[in-house]
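Have a look at the structure below, then the notes.
The values are calculated or read from the model by the stated rules, or taken from the named source; none is laboratory data. Because the structure is predicted, anything quoted here is derived from the model rather than measured. All Cβ positions, even for glycine, are placed from backbone atoms using ideal geometry, and neighbour counts span all protein chains on display.
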Amino acid sequence: MAREGRSLVLYVHPWGHLNDLVIPAGAIACMNAIPAPKRGRYAFEVTDDELREAAVVCIDVHWALALTGFERLVRHVRAVAADVPIVVGGIAAAHLAEELLEAYEIDYVFRGDAETSFAALIAALREGRAPGELPNVHAKGAPPPPRRRMTDAELDATDSVTIDWFPTLARVTDLDAVAFPPGRTVIVARGCPLRCPTCYGSHASTYGGGYLWRSPERTAALVHLAERAGSRNLRLIVGKPSPRRISEMIGAIAAAGPYRFGSAIGIYLCRAPSDDELDALERAFDSPVTISVVPPEEHVPALSPARLEEERAAWRRVAARVSQSRNLRLDVWATAGRDTAALREDLGSPGSERVSVSSGAVWSMTRPADGAATSLATVRAAVADVWTFYAARLLAPALAHLLAPFRFLDEVDDRLDDLPPPSAPALLPFHETIQRSWRAHRLPTLPGLSFDAVPVAFEGGRMRREGEGARFQGDLSIVEAARVVAAATPLEVCLDHRGVALEAWLAPLPTGTDAIAIVPRGAAPTSQAWVDAVGARGIVVLRPPATSERVRLRVDLRVQDARVFLIDENDEPRRRGVADLAYFRAAPAQAQAVPSRGDA
């Protein structure tokens, strides 16, 4: 039933991703398919008043890594607005539709094309009508719905570019990032003729039979729309269409150009374009254009030997052309554990800086087909501790060093199953935990990771603002060595709908305290010997306030940074600092675009 006097449709994106700022294009298209009033929020910024105001709350579980944040977001929504309908969408949600409806207090889950049924469902919920049976909409307590494929014309009508209803996304969407940038996305193809088991383009049991194709004219129009909106970067999801469709798409884009984007264009395309088409792309954009491809050796179903050699030769031709280009790049993602050096050699461009080959074999969810479904329990176990990857890299230089080979989980090395153990015995348990997690889930996490706050002194010690890939600002820095001056206080790990926080009240600091160190906890109580061992590559410290009262230390972990506060008993911050991984390369006007948990 309708929530009396309420019409706002509130979309909330949960935390837990490799970059929480990235919003799925399908969610944007769905929200653009309904009239206002509507609003988008990240979980770390949504307010309880907004939840109470909403007629409907929409949440995505597109990438399964969001499941931990999704669980806590649903719990919080129900605590604040018990009667609000909760609608869930996204590919991972589609894979797990029945299990999600059974396990959580949600009302509807989409499986398959969503935009047309989404508009009908939202209209009914706003008006207080029972929506009845809608294609692709699974409802709690109801039998499975009929399946309906959208038409090409209906896909053409969708808009995944307009985001004026999501204020924070509009501010951060053009942040340049070292991995997983949050730019706008144009869905050129939905689905794919292939059935690669972990690719979200696979059609089986996800979108229904076949695949949809956006018209070349509408594709070019959306590229122009993104340009007019001031986008610095743009992604096009294309898949593996026929050569004719590639030619028509690139021809239409080039004919409507040239375009000016301040950063980069990414095209996900698994069929090699011709030299003429590469020339057209080079002319159409003044910024770098990167073609990302899964090599034909990994396509499912497998290509015939003759077809495989034909496609390999085509990509060798592309690599040679790109190597001489002004602004084209080629990124090859090996997802099946193939030796990346051999693949680069096969491309014939071992020395080119414009051709990259890397392993993309980080954990992903297998689509529920061909007897390879991934259960909800498996997903929960795999993703529960993803936050520890970033926490360790931000707050513990020694652990960051152990995790360095995994980079940002986008372009990883292909020999990570048996990394050499650290020379320091104290770090061996952490190394073994990382290796077990990687082998089990293809995620280098640290289940059970926790931290202590330790009052320390560091006579004459050198303070740094950088270390092991992290940067430190404000009252936060690194020291080379420190002397423990009081007992450690465990930091409690708190997971809620906004994200992960570490928190503890600290007793009045003893005389001689120069800083409060944040130290990963071991099996035994934290001691001087432990601080020396895990601090060999530096110790993260926060400058203390001049007070004889107790203070509360809080660390907010969110979007690849850690925001650290010392708060007095009046709830006033006395010290603050930020650790980040140089993840975002912001233009000056964007540098403060990402709000903290309390800045919504």
### Message
Just checking, does region 201-218 include any residue being within 18 Å of Phe285 (Cα to Cα), surrounded by 19 or more Cβ atoms within 10 Å (Cβ to Cβ) and either free of Cβ contacts under 8 Å to residues at least 40 places away in the same chain or not basic (Lys, Arg) (or both)?
### Response
yes
### Query
When Leu96 is evaluated against the numbered criteria (1) under 18 Å from Ala33 (Cβ atoms); (2) buried (at least 24 other Cβ atoms within 10 Å of the Cβ), which criterion, by number, is the only one it fails?
(1)
### Message
For region 1-51, which positions are farther than 28 Å from Ala382 by Cα and among the aliphatic types (A, V, I, L, M)?
### Response
Met1, Ala2, Leu8, Val9, Leu10, Ala29, Met31, Ala33, Ile34, Ala36, Leu51
### Query
What's the number of the condition Asp20 fails, among (1) within 25 Å of Asp410 (Cβ to Cβ); (2) touching a Leu at 6+ places or on another chain (Cβ under 9 Å); (3) at pLDDT below 95?
(2)
### Query
Does Ala440 count as on the phi < 0 side of the Ramachandran plot, small (Gly, Ala, Ser) and part of a strand (DSSP E or B)?
no
### Query
Quick one: which strands (runs of 3 or more DSSP E) sit completely within region 232-350 and have at least 1 residues that are within 24 Å of Arg415 (Cα to Cα)?
289-293, 328-334
### Query
Does region 67-77 include one or more residues that are of a type in the set (Ser, Thr, Tyr) and crowded, with 24+ Cβ neighbours inside 10 Å?
no
### Answer from Ala381, Ala377, Ala400, Ala361 - the residue that is small (Gly, Ala, Ser) and at pLDDT 95 or above
Ala400
### Message
With without any contact (Cβ under 8 Å) to a residue 60 or more places away in the chain, within 20 Å of Ala524 (Cα to Cα), buried (at least 20 other Cβ atoms within 10 Å of the Cβ) and not hydroxyl-bearing (Ser, Thr, Tyr) as the only criterion, which of Ala398, Ala488, Ala453, Ala392 stands out?
### Response
Ala488
### Query
If you check Ala139, Ala153, Ala124, which single one turns out to be over 21 Å from Tyr200 (Cβ atoms), surrounded by fewer than 13 Cβ atoms within 10 Å (Cβ to Cβ) and at pLDDT 95 or above?
Ala153
#### Entry: Enumeration of residues in region 171-188 that are in contact with a strand residue (DSSP E or B) (Cβ under 8 Å, 6 or more places away or on another chain) and surrounded by fewer than 18 Cβ atoms within 10 Å (Cβ to Cβ)
Val178
### Query
Can we say Ile59 is out of contact with any Asp or Glu (no Cβ under 8 Å at 6 or more places or on another chain), within 30 Å of Tyr211 (Cα to Cα) and either outside any loop (DSSP other than H, G, I, E, B) or without any contact (Cβ under 8 Å) to a residue 40 or more places away in the chain (or both)?
yes
### Query
Of all residues in region 502-544, which are under 21 Å from Arg471 (Cβ atoms), outside any helix (DSSP H, G or I) and of a type in the set (A, V, I, L, M)?
Leu502, Ala515, Ile516, Ala517, Ile518, Val519, Ala536, Ile539, Val540, Val541, Leu542
### Task
May I ask you to verify whether Leu234 is under 28 Å from Phe166 (Cα atoms), surrounded by 18 or more Cβ atoms within 10 Å (Cβ to Cβ) and in contact with a strand residue (DSSP E or B) (Cβ under 8 Å, 6 or more places away or on another chain)?
yes
### Query
Does Arg307 satisfy the condition of being under 24 Å from Thr198 (Cβ atoms), over 30 Å from the mean Cα position of the chain (by Cα) and modelled with pLDDT of 95 or more?
yes
### Query
Going by the structure shown, is Leu491 over 18 Å from Ala533 (Cα atoms) and either among the basic types (Lys, Arg) or assigned by TED's automatic domain parsing to the domain that holds Glu572 (or both)?
yes
### Message
Would you confirm, using the coordinates I've provided, whether Val564 is closer than 29 Å to Ala66 by Cα, in contact (Cβ under 8 Å) with a residue 24 or more places away in the chain and not in a loop (DSSP other than H, G, I, E, B)?
### Response
yes
## Note on the structure
Scanning region 156-170 for residues that are surrounded by 20 or more Cβ atoms within 10 Å (Cβ to Cβ), over 14 Å from the mean Cα position of the chain (by Cα) and part of a helix (DSSP H, G or I) gives Thr168
